[in-house]
1. For a quick check of your reading of the model, give me the residue pairs whose first member lies in the range 264-283 and is without any contact (Cβ under 8 Å) to a residue 40 or more places away in the chain and within 20 Å of Phe425 (Cβ to Cβ), whose second is buried (at least 19 other Cβ atoms within 10 Å of the Cβ) and not hydrophobic (A, V, I, L, M, F, W, C), with beta-carbon atoms closer than 7 Å and at least 6 apart or on different chains.
2. Just checking, how many residues over the range 138-165 are over 19 Å from Leu68 (Cα atoms) and over 13 Å from the mean Cα position of the chain (by Cα)?
3. With (1) in contact with a Lys or Arg (Cβ under 9 Å, 6 or more places away or on another chain); (2) in the same structural domain as Trp350 (by TED's automatic domain parsing) as the list, and Tyr406 as the residue in question, which single condition is left unmet?
4. Conditions first: (1) out of contact with any helix residue (DSSP H, G or I) (no Cβ under 7 Å at 6 or more places or on another chain); (2) closer than 24 Å to Gly274 by Cα; (3) in the same structural domain as Ala190 (by TED's automatic domain parsing). Ser253 passes all but one, so which condition is the exception?
5. Do the conditions hold for Ala89, that is, is it over 20 Å from the mean Cα position of the chain (by Cα) and either outside the structural domain of Gly57 (by TED's automatic domain parsing) or crowded, with 23+ Cβ neighbours inside 10 Å (or both)?
6. If we scan the range 200-220, do we find a residue that is touching a Gly at 6+ places or on another chain (Cβ under 6 Å) and of a type in the set (Val, Ile, Thr)?
7. Can you pull out every residue in the range 329-368 that is in contact (Cβ under 8 Å) with a residue 12 or more places away in the chain, touching a helix residue (DSSP H, G or I) at 6+ places or on another chain (Cβ under 9 Å) and of a type in the set (Asp, Glu)?
8. Report those strands (runs of 3 or more DSSP E) wholly inside the range 204-256 carrying at least 2 residues which are of a type in the set (D, E, K, R).
Amino acid sequence: MSPKRRPEEDTPPETTGPRPAKRAGAAPSGTGPRPVADSPPTPGADHSGDSYLPQHGNGGYTTRFYDLDLDYRVGPNRLAAHARIEATATQALSRFSLDLAGLRPTRVLVDNKPARFAHRGHKLYVTPARPIPNGAAFAVEVRYAGNPRPISGEWGDIGWDELTEGSLVASQPVGAPSWFPCNDHPADKAGYRVTVTTDSPYTVLATGHRTEHRRGGSTTTWVYDRPEPTSTYLMGVHIGRYEEREIATGLVSQKAAYPPRLRAPFLHDFARHGEIMEQLQLLFGPYPFEDYQIVVTDDDLDDPIEAQGLSVFGANLVDGRRTHERLIVHELAHQWFGNSLTVADWRHIWLNEGFATYSEWLWSERSGGPSADLHARQWHARIAASPQDLVLADPGAHRMFDERVYKRGALTLHALRHRLGDGRFFAMLLAWTADHRHGTVTTDQFTALATSYAQAPLTDLFDAWLFSPALPALR
């Protein structure tokens, strides 16, 4: 998509809320007794400690639930919103921060009491009326408004973006603060409720299971619940003039929304989606969410967009010839690898992309296409002709989405499959997805599990494929 930056709005002005009256007495009803602090309150860190993107995310607390109420007008691209965030302090807090970019906060409450706040750059700093003890549950509410726009960076424009008619959200890895205040780190997973009110001619698809849909005059309100632990970058809202239909039957509800003009090519390209879902469940275990939603925009997109229980494809990826079926497989595989099993730190990104890419090869060989061996040989030859300067287990922030992370990650799994044999390899994959369902994962956890399924040490294999830049031979 074309960039829609507004340079004059890059740094929002500092805004400061009212100074609250001194708070006294018990905690508000419903919050329960506050634990006694075991240390003096200090400000929570305004960074996450992530090895690649430390400026995104915050310290001093973890989130449990986001309740987002959005009122959006498509024509002027105008958002007025209220966010309620339930969190737990991991230290005694005199102040904490949230990530929020390009939108102006107007009021902040902590446990129903007005809080002082300052908005600088991508950070919203909140000083509650009363310090929050270590271990205490608390709720912060933020009212905010503005014209949402993507966050510009080395990966292009990331976040809330306008379409020709409607909008979408593409948040990986840093775009979530473009539309709601959050603790923007993949390891901080929470449940969500998203309520969107917008112009009635438009359909709203949001990350979650639709629980309510009500029309009132010229606007319609849509409510989606996402109870499973979900990373901020995997939340999205997609608005457009769409036709909806079920695309497969079975234990998992699979639905799609697409422009009416693309009905025929869409139905052809996605006709095997039910089979793909069945095969991936055989390989990786039960689908980890309640349902799966596909959105096809009326605009072209450079790449598909993954979200929790939802994937988005551009009109250019639907041609009526199944040219891009591998991408359908790739995005569905992310529901296991990336969404249910989420990286604890961005340097482990190969655990998302390598597994999703290898899923493409597995589907190919199980659906009558080229074998995984053939895919592996072809991609090994291509990568061998590239610079040998990428360490898969630590590619660096600027190479998180390098093609070699995807393909060398898949090659690593193929090499491991040959070392373990199919029986142990696929049993290991089932254990991997089951043991860490809705959790976070690291490379060390994966190598430890794989080693437990091996008949001999795997140190040489992992040293060569994960921790050394030179591409090993494909045996």
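1. Here the result reads Gln281/Tyr287, each pair linking the range 264-283 to a residue that is buried (at least 19 other Cβ atoms within 10 Å of the Cβ) and not hydrophobic (A, V, I, L, M, F, W, C).
2. Just the residues of the range 138-165 that are over 19 Å from Leu68 (Cα atoms), to begin with: 151-158, 162-165.
From what is left, the residues that are over 13 Å from the mean Cα position of the chain (by Cα) are 151-157, 162-165.
The number of residues fulfilling the criteria is 11.
3. (1)
4. (3)
5. Values: over 20 Å from the mean Cα position of the chain (by Cα): yes; either outside the structural domain of Gly57 (by TED's automatic domain parsing) or crowded, with 23+ Cβ neighbours inside 10 Å (or both): yes.
It is true that Ala89 is over 20 Å from the mean Cα position of the chain (by Cα) and either outside the structural domain of Gly57 (by TED's automatic domain parsing) or crowded, with 23+ Cβ neighbours inside 10 Å (or both).
6. Scanning the range 200-220 turns up at least one residue that is touching a Gly at 6+ places or on another chain (Cβ under 6 Å) and of a type in the set (Val, Ile, Thr).
7. The first filter runs over the range 329-368 and keeps only residues in contact (Cβ under 8 Å) with a residue 12 or more places away in the chain, leaving 329-364, 366-367.
Checking which are touching a helix residue (DSSP H, G or I) at 6+ places or on another chain (Cβ under 9 Å) leaves us with 329-344, 346-364, 366-367.
Residues satisfying the conditions are Glu331, Glu353, Glu360.
8. Numbers: elements: 209-216, 219-230, 237-240, 243-248.
Ranges flagged: 209-216, 219-230, 243-248.
The values are calculated or read from the model by the stated rules, or taken from the named source; none is laboratory data. Please read all numbers here as calculations on a predicted model, not as lab measurements. Here the Cβ is made from the backbone with ideal geometry for all residues, glycine too, and neighbour counts use every protein chain on show.
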